[in-house]
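*Asks:* Take a look at the following structure, please.
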Amino acid sequence: MLCCRPRQRLLPAAALCLVLAGCAAPAPTPRGEVRGADATAGELAQSDVNRMATLEMRANLDSLFALAGKLYRRNPAEWRKGPAASREQAVEQLRDAVLQRQPWAPLQGRRDIAALAVALSPEFAGDRVAACIYATADMLVAAHGGKTEFFLIDGLDAQHLYNAARNVESAVWMLSQRRTAAGAPLLLADEIGAQARNLSFEREFGKIIGRLDLLAQFATEKYRRAAISYVQGLVGGTFLQFLPVR
């Protein structure tokens, strides 16, 4: 019995080391550094708000296309309802339709919020992944005045951007709460269980909502700050000048 005791003391210490090693492991997130886009001649015709809106739209569409791929992985039966030969091809066809502003046939000509209502209805029998992503993207473009790139002649309606963020929140809630006639979720997305925990869908939708809200706030601030800057210029021109010293 005495010869077994030292070994028994080593077991808790070894377990503690394993736990600490696990805590020290880095989170499974990509590492790197922030990178700006390459400068283009078109940026000369963009204000700060124009540029921010262009980057926000680009990032949100990229998030939607990433979500399409992730949803197809969890719901492979959806892309097989369409003409694509693979999941990757289905995402590319969806991307082309969104970027080229082509109508999506299963939605029967409906656009933005009308298309979103159909895509999230329990009775919809087509490729629900493509329908939801296409309708959401079309709704975002509509909220930005029908454009994906912005220049000095373009304006943004802050309320429309804010409304688009709320629409995305509503769509995410419907995906999680609504059921088909058979009682199944409209789409399998986030997963919380004993064996797996996957909230990446909620995080990606959250990024879209956050970008929309920030741009809406920034667009509102633009006009307020313009008035403040004008008053500051008047005050500064009168009271904040340096006095001559010789």
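The values are calculated or read from the model by the stated rules, or taken from the named source; none is laboratory data. No experiment lies behind these values; they were computed from the predicted model shown. Here the Cβ positions follow ideal geometry from the backbone for every residue, glycine too, while neighbour counts run over all protein chains shown. The area values use the complete protein model at the heavy-atom level, side chains included, leaving out ligands, DNA and RNA. Shrake-Rupley method; radii C 1.70, N 1.55, O 1.52, S 1.80 Å.
*Asks:* Evaluate the following for residue 85: is it open to solvent by 40 Å² or more (accessible area, probe 1.4 Å) and modelled with pLDDT of 90 or more?
*Replies:* Working: open to solvent by 40 Å² or more (accessible area, probe 1.4 Å): yes; modelled with pLDDT of 90 or more: yes.
Taking the combined requirement at face value, the residue satisfies it.
*Asks:* Give me a count of the residues in the stretch 134-175 that are assigned to a helix (DSSP H, G or I), open to solvent by less than 10 Å² (accessible area, probe 1.4 Å) and among the aromatic types (Phe, Trp, Tyr).
*Replies:* Number of matching residues: 1.
*Asks:* Hey, another quick one. If I go through the stretch 176-186 residue by residue, how many of them are touching a Pro at 6+ places or on another chain (Cβ under 9 Å), in a loop (DSSP other than H, G, I, E, B) and either polar (S, T, N, Q) or closer than 19 Å to residue 72 by Cβ (or both)?
*Replies:* The qualifying residues number 2.
*Asks:* Kindly provide the set of residues from the stretch 68-77 that are in contact (Cβ under 8 Å) with a residue 60 or more places away in the chain and surrounded by fewer than 22 Cβ atoms within 10 Å (Cβ to Cβ), ordered by number. First the steps, then the outcome.
*Replies:* Step one: list which residues in the stretch 68-77 are in contact (Cβ under 8 Å) with a residue 60 or more places away in the chain, which gives 68, 70-71, 74-75.
Listed by number, the residues that qualify are 70, 74, 75.
*Asks:* Condition first: farther than 17 Å from residue 59 by Cα, surrounded by 19 or more Cβ atoms within 10 Å (Cβ to Cβ) and touching a helix residue (DSSP H, G or I) at 6+ places or on another chain (Cβ under 8 Å). Can you find one or more residues in the stretch 199-208 that meet it? If you could, list the steps in order and put the result at the bottom.
*Replies:* Applying the first criterion (farther than 17 Å from residue 59 by Cα) to the stretch 199-208 yields 199.
Checking which are surrounded by 19 or more Cβ atoms within 10 Å (Cβ to Cβ) leaves us with none.
Checked against the condition, which is being farther than 17 Å from residue 59 by Cα, surrounded by 19 or more Cβ atoms within 10 Å (Cβ to Cβ) and touching a helix residue (DSSP H, G or I) at 6+ places or on another chain (Cβ under 8 Å), the stretch 199-208 yields no hits at all.
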